[in-house]
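Notes follow the structure.
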Amino acid sequence: TRPKNATQHPGHILTGGENRIKRRTKAQKAADNRREEEEKEASQAAIQETHKRIAAFQKQMQTDQAAACADAPKPSRPRPCPVKK
């Protein structure tokens, strides 16, 4: 390599030449945590609502199937046919 590259750092291009990393304050961290918690709760609520809807559909299907089975005609028994020899 060249002697000039011994003191260069490629990451400085991305950070604007500063050696510091931008950090969040306690208030920013708390706000981010609250926002993430609210998003998580909203997601869980949506999942619970979906589970309730699926349970309602399953219950409706079960009652429909039970009604269909109760009204179904009784199958006739097969009778042997006489075979002529």
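The values are calculated or read from the model by the stated rules, or taken from the named source; none is laboratory data. Worth saying up front: this structure is predicted, and the values here are computed from it rather than measured. Each accessible area value is taken on the protein alone, full model and side chains, heavy atoms only, with ligands, DNA and RNA left out. Shrake-Rupley method; radii C 1.70, N 1.55, O 1.52, S 1.80 Å.
Values as computed for the structure displayed
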read-out	value
Residues of the stretch 60-85 classified as assigned to a loop (DSSP other than H, G, I, E, B) and open to solvent by 100 Å² or more (accessible area, probe 1.4 Å), total	13
Residue count, the stretch 1-49 (criterion: polar (S, T, N, Q), part of a helix (DSSP H, G or I) and at pLDDT 85 or above)	5
